[in-house]
Amino acid sequence: MDFSQKLKNYAHLLARRGMNVQEGQIVNITGELIHRDFISMVAKEAYACGAKYVNIDLVDPWHTRMRVLESANPEYLNYVPEFIPVKFNDLVDSQGALLRLQGSEEPDCCSDLPPDKINALQMHFRKKLKRYYDEGIGRSKVQWTVAGAATPKWGKKVFPELDEGKAHLALWEEIFKICRVDTPDFIHRWSNHNSALQLRAKLLTHLKIKELQFIGPGTDLKVYLSPIAVFKAGGDISSRGKHYECNIPTEECFTTPDCRLTTGHATVTRPFLVNGKLIKGLKLVFKEGKIVHFEAEEGYETFSAYIHSDENACKLGEVALVGIDSPIFQSGRIFEEILYDENAACHIAVGFAYRFCLEQGDQLNDDQLAVLGCNSSCVHTDMMISNEKTNVIATTYTGERVLLLQEGVWQKLI
């Protein structure tokens, strides 16, 4: 199969399986200028599905850099124009669809910016879009998808041994393979993968896990779950009653932890980006749910600013299980893009939690969610904590201990 056909397959997957665009639906697609041609392919697919209108937002990381460095008053970085929440609220009200493409033309563009300033931008943007995150994401009123699109400089980071041109093509080919669009039966393959993930999530939910213990080199971490925790995987059902895929690719089974109880220490096994800055060599210590100490080889100040964004940014909002059978892990590559790296390893996330990972969580108010230890924050980022040397042991509410992953491999029960 040639490159152009794989690219068409990928556009088809994002529009029809990712967002699952419906007749008369409003669609929003966001990506960088360099993604323009591929975005047009996805938009064409969306219109073929019957979309009423496809809005395309083309962004440029250099504009973000300019705003941070050239703003005359630091308080201006807190400003979010009213038309932005209006657009996202319209997507919620109309039960629309959204695609965000990851993969920057200039991955290091914002890496040297002051952490407090870049963090202020992100924090106030999240706060302004609270309704979108609470209802559009938390209650699945928007059929949202996050996916990757290759760029030359991103490719060079993943394939440092190649020149940019070859690295760009190599990254596209890796994306096609990981996303299962490199064969004619890609929709069938994706459906089978989705079904397998959802079955695994159901088995995990049925276990009624009270505690997940991660044990590996530099890691002995206990993450606690609510009695009504639900594991999710392989997409979700929107308020329209339509299946959609939140992340493409996806290899995880994830749920919402009790943010008040996390204890122990963890060594992060892959570098990850926070506000454009790479965090490397991170080691974490948790006590009574909070990060009480951490060390980092790179990105210490940026990570510190991030977990102090608000009072709950230092607590967990997600825990996810991923085996080393993941094609992303099997690639042997570090992608320096959280969408891919989080699907290579078990991970935890600081910041806001997904209410849909609690039984009838979408029916609960903020106070009821807080009683269950469901974290509320203006941030959310994932950190990988496993590899081929990691075991994961579950303790159920009945006291049974179950080995879920041994040296990164899923056990037969799961």
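The values are calculated or read from the model by the stated rules, or taken from the named source; none is laboratory data. None of the values given here were measured: they were computed from a predicted structure. When we count neighbours, we look across all protein chains shown, and the Cβ atoms used for this are built from the backbone with ideal geometry, even at glycine. Accessible surface areas use protein heavy atoms only, side chains included; no ligands, DNA or RNA. Shrake-Rupley method; radii C 1.70, N 1.55, O 1.52, S 1.80 Å.
Please verify whether the range 363-372 includes one or more residues that are in contact (Cβ under 8 Å) with a residue 40 or more places away in the chain and touching a Lys or Arg at 6+ places or on another chain (Cβ under 9 Å).
Of the range 363-372, the ones in contact (Cβ under 8 Å) with a residue 40 or more places away in the chain are 372.
Restricting the remaining residues to those that are touching a Lys or Arg at 6+ places or on another chain (Cβ under 9 Å) gives none.
Taking every residue of the range 363-372 in turn, none turns out to be in contact (Cβ under 8 Å) with a residue 40 or more places away in the chain and touching a Lys or Arg at 6+ places or on another chain (Cβ under 9 Å).
With among the hydroxyl-bearing types (Ser, Thr, Tyr), part of a helix (DSSP H, G or I) and modelled with pLDDT of 95 or more as the only criterion, which of Tyr340, Tyr306 stands out?
Numbers: Tyr306 fails: modelled with pLDDT of 95 or more.
Exactly one residue qualifies, and that residue is Tyr340.
Condition test on Gly264, is it farther than 30 Å from Leu121 by Cβ and either open to solvent by less than 10 Å² (accessible area, probe 1.4 Å) or hydrophobic (A, V, I, L, M, F, W, C) (or both)? I'd like the intermediate steps shown before the answer.
Details: farther than 30 Å from Leu121 by Cβ: yes; either open to solvent by less than 10 Å² (accessible area, probe 1.4 Å) or hydrophobic (A, V, I, L, M, F, W, C) (or both): no.
No.
Please count how many residues of the range 342-377 are open to solvent by 10 Å² or more (accessible area, probe 1.4 Å), in contact with a Gly (Cβ under 6 Å, 6 or more places away or on another chain) and of a type in the set (Gly, Ala, Ser).
Counting residues in the range 342-377 that are open to solvent by 10 Å² or more (accessible area, probe 1.4 Å), in contact with a Gly (Cβ under 6 Å, 6 or more places away or on another chain) and of a type in the set (Gly, Ala, Ser) gives 2.
Tell me, which residue of the range 105-124 that is touching a Cys at 6+ places or on another chain (Cβ under 9 Å) and under 16 Å from His63 (Cβ atoms) is least open to solvent (accessible area, probe 1.4 Å)? Quick ask: steps written out before the conclusion?
From the range 105-124, those touching a Cys at 6+ places or on another chain (Cβ under 9 Å) are 118, 122-124; that's our starting set.
Next, only the ones that are under 16 Å from His63 (Cβ atoms) stay: 118, 122.
Values: Ile118: 9, Gln122: 83 Å².
Looking at residues that are touching a Cys at 6+ places or on another chain (Cβ under 9 Å) and under 16 Å from His63 (Cβ atoms), I get Ile118.
With respect to Arg240, determine if the residue is within 30 Å of Leu99 (Cα to Cα), surrounded by fewer than 22 Cβ atoms within 10 Å (Cβ to Cβ) and over 22 Å from the mean Cα position of the chain (by Cα).
Details: within 30 Å of Leu99 (Cα to Cα): yes; surrounded by fewer than 22 Cβ atoms within 10 Å (Cβ to Cβ): yes; over 22 Å from the mean Cα position of the chain (by Cα): yes.
So Arg240 fits the description; yes.
Out of (1) open to solvent by less than 10 Å² (accessible area, probe 1.4 Å); (2) outside any helix (DSSP H, G or I); (3) modelled with pLDDT of 95 or more; (4) touching a strand residue (DSSP E or B) at 6+ places or on another chain (Cβ under 6 Å), what's the single condition that is false for Trp144?
(1)
Look through Ala196, Ala201 and report the one residue that is open to solvent by 40 Å² or more (accessible area, probe 1.4 Å), assigned to a helix (DSSP H, G or I) and farther than 30 Å from Pro107 by Cα.
None of the other options fit; the residue is Ala196.
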